[in-house]
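The values are calculated or read from the model by the stated rules, or taken from the named source; none is laboratory data. From a predicted model like this one, the values you see are computed outputs, not experimental measurements. So basically every Cβ, Gly included, is an ideal-geometry build from the backbone, and we count neighbours across all protein chains shown. Areas reflect the complete protein model, heavy atoms only, side chains present, ligands, DNA and RNA absent. Shrake-Rupley method; radii C 1.70, N 1.55, O 1.52, S 1.80 Å.
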Amino acid sequence: MRRHKEKAGRPTAVQGGINLNPPQNVQVYLIDDSFTLMWNRSDESDTNMTFSAEYQIPKLDNWIKLPGCQYIAGTKCDFSSVKLNVYDKLKLRLRAEKGNNTSLWHEVGSFVPFLKAHIGPPGIHLEAEDKAIIIHISRPGKKDSVMWAQDNFAFTYDIVLWRKSSGEEKRIETIHRRDKIFKLSPETTYCVKVKAKLLVPLKQGAYGGAHCINTTVEHPLPAPENVEMDMKRDSYVLKWDYANANVTFRAQWLNDFSKWNPGNYSDDWKLIPSCESVKSRHCIFPQSNFSEGTYFFRVQASNGNNTSFWSEEKEVDTSVYNLLPSPVITVKSISDSLRVSVGFLEDSDFLEDSLIYEVIFWENTSNIEEKIMQKSPEFTIVNLQLRTVYCVKARVHKDSPGHQSSEFSDPVCKKTESRNSSTIWIIAGIFAVLVFILIIIYAVKSLLRCFNYTFFPSLKPFSNIDEYFSEPPLKNLLLLTSEEQTESCFVIENTDVIVIVEEMSQSEGDHKKYNSQTSQDSGNYSIEDENMESRTNEELLRKETDSE
């Protein structure tokens with residue numbers, strides 16, 4: 001409650017019985033390394049009042065007098081001389097004083113100086129050419145700035161350029177502290193203003209004042225234009241445009257990290273050996289001369305003792321110029337279509353997700369080519385002529401700045417099929433599958449039969465039971481034809497007599513069989529057999545009686 005009353009500026013009794021109100025609207029304003037504390041008097045008519053401030057940091061519990069802010073008669077003070085950690089929280093408090101009387105403290109909420117600070121305008125210096133202006137930018141803050149010490153290379157700069165006579169503005173964004181604006185007019189006044197900004201944390205600086213400069217008279221020997229870099233097998237090709245003849249050219253390169261140098265890096269440019277005093281509008285040098293990284297290239301024209309200004313600098317990231325190997329392709333014919341698969345013989349260091357595949361095909365007897373491009377390495381070329389030879393070749397492109405492409409693969413030719421042949425192959429395949437299934441079924445049944453025979457044999461009746469079923473089945477008797485003849489006889493053995501029964505033949509159409517057996521036989525007797533046997537026995541008895 002006490003702090004609330006102090007911030008509200010309510011009068012409070014103090015020593016000597018005089019009431020002093022604390023200062024109001026106390027604010028801290030930080031820009032680069034300049035720290036300012038500002039406030040309003042509670043009583044504007046009282047000019048004899050002074051103000052003093054104190055600060056506190058987290059590591060210390062006591063309050064420390066703030067240098068530069070003691071007994072200030074005005075309404076602001078500068079405490080930039082205090083050596084503070086700009087990333088630590090800071091507390092401030094301010095009170096009014098008059099003689100031996102003081103007001104209550106007005107406390108400022110804790111804050112982190114780095115987060116609260118504003119970015120001031122950077123310093124700039126201009127140099128002029130006939131069609132270009134070179135801008136040298138100084139980082140915001142002092143040379144030994146504490147506030148931006150860790151963000152020396154994190155600034156980006158917004159440049160606004162306009163022709164003084166027209167006021168039409170051109171905006172350019174750069175990360176380098178030395179930049180060059182091309183394609184201007186000779187003998188013309190241009191004005192420039194610059195602001196700095198940080199992306200993390202997001203801070204927008206303020207534009208500084210305008211700086212103006214006049215471009216020079218047009219140079220008699222123009223500078224080369226449209227510098228480009230290309231790749232041919234394992235070499236770089238640096239190309240440019242130039243209208244005049246009878247001149248020679250030279251090219252230089254600069255490593256990207258030199259651009260971050262706050263000073264002048266003109267001496268860091270190096271000559272490309274194979275691009276010195278060349279008369280053509282290009283020069284070739286090995287890829288091995290440059291490791292992976294970012295470089296700048298520029299070209300200058302010479303004619304005797306006259307030399308042009310340097311061309312516009314070309315920024316090149318060599319990682320996008322890694323040599324792409326030629327792909328290999330496989331082609332398969334399916335009816336009126338060709339299926340094409342694009343691949344590589346060896347593993348490559350590039351990401352396949354960043355590749356674009358190009359396939360070109362043509363009829364073997366024609367020179368008309370058709371092209372298909374996609375991100376998938378698998379192609380299907382449809383609606384082709386049946387039984388016709390088509391040739392296919394492919395290459396890949398890297399989907400990135402530079403648009404590097406590989407060489408084409410060797411062409412592969414394939415003849416399309418007819419639709420009937422494919423149908424026959426389908427039917428033949430189905431028939432083969434059916435035959436294979438039948439063979440499998442037969443093999444399985446045979447294996448099961450062998451298995452059952454081996455491990456589960458059929459049961460046989462006992463021998464005494466089998467005797468009663470040894471006679472041929474009745475159906476076999478019934479199926480005997482009239483042409484078959486069966487001899488039926490029996491022998492009665494006695495000690496002295498052997499009786500032979502005459503053979504009996506069956507008449508045609510008679511299907512009965514007479515058979516007599518001794519007591520050793522186990523056959524069945526019919527009624528007629530029994531009668532015949534009884535009659536024979538009677539005759540034997542009668543003969544024996546007569547003999548007696």
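Yes/no matrix, rows are residues, columns are (1) crowded, with 16+ Cβ neighbours inside 10 Å; (2) in a strand (DSSP E or B):
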residue	(1), (2)
291	no, no
296	yes, yes
301	yes, yes
309	yes, no
316	yes, yes
320	yes, no
324	yes, no
332	no, yes
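Residue pairs whose Cβ atoms lie under 9 Å apart, sitting 6 or more positions apart in sequence or on different chains, and linking a residue in the stretch 285-311 that is more than 30 Å from residue 220 (Cβ to Cβ) to a partner that is exposed (fewer than 12 other Cβ atoms within 10 Å of the Cβ) and among the basic types (Lys, Arg), are 287/233.
Okay, residues lined up against (1) free of Cβ contacts under 8 Å to residues at least 12 places away in the same chain; (2) part of a strand (DSSP E or B); (3) in contact with a Lys or Arg (Cβ under 8 Å, 6 or more places away or on another chain); (4) open to solvent by 50 Å² or more (accessible area, probe 1.4 Å):
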position	(1), (2), (3), (4)
141	no, no, no, no
157	no, yes, yes, no
165	no, no, no, yes
170	yes, yes, no, yes
187	no, no, no, yes
191	no, yes, yes, no
197	no, yes, yes, no
206	no, no, yes, no
230	yes, yes, yes, yes
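For the stretch 80-93, does any single residue satisfy the condition of being acidic (Asp, Glu), surrounded by 14 or more Cβ atoms within 10 Å (Cβ to Cβ) and either in contact with a Lys or Arg (Cβ under 9 Å, 6 or more places away or on another chain) or closer than 30 Å to residue 178 by Cβ (or both)? No: the stretch 80-93 contains no residue that is acidic (Asp, Glu), surrounded by 14 or more Cβ atoms within 10 Å (Cβ to Cβ) and either in contact with a Lys or Arg (Cβ under 9 Å, 6 or more places away or on another chain) or closer than 30 Å to residue 178 by Cβ (or both).
Identify all residues within the stretch 259-285 that are open to solvent by less than 20 Å² (accessible area, probe 1.4 Å) and farther than 30 Å from residue 140 by Cβ; write none if there are none. The answer is 272, 275, 283, 285. Scanning the stretch 172-185 for residues that are touching a residue at least 40 places away in the same chain (Cβ under 8 Å), in a loop (DSSP other than H, G, I, E, B) and within 22 Å of residue 154 (Cα to Cα) turns up 176, 177.
Taking the stretch 387-415 as the range and being open to solvent by 30 Å² or more (accessible area, probe 1.4 Å), modelled with pLDDT of 90 or more and in a loop (DSSP other than H, G, I, E, B) as the test, the residues that pass are 408, 410, 411. Collect the residues in the stretch 119-139 that are open to solvent by 40 Å² or more (accessible area, probe 1.4 Å), in contact with a Lys or Arg (Cβ under 7 Å, 6 or more places away or on another chain) and outside any loop (DSSP other than H, G, I, E, B), keeping them in residue-number order. Passing the criteria: only 136.
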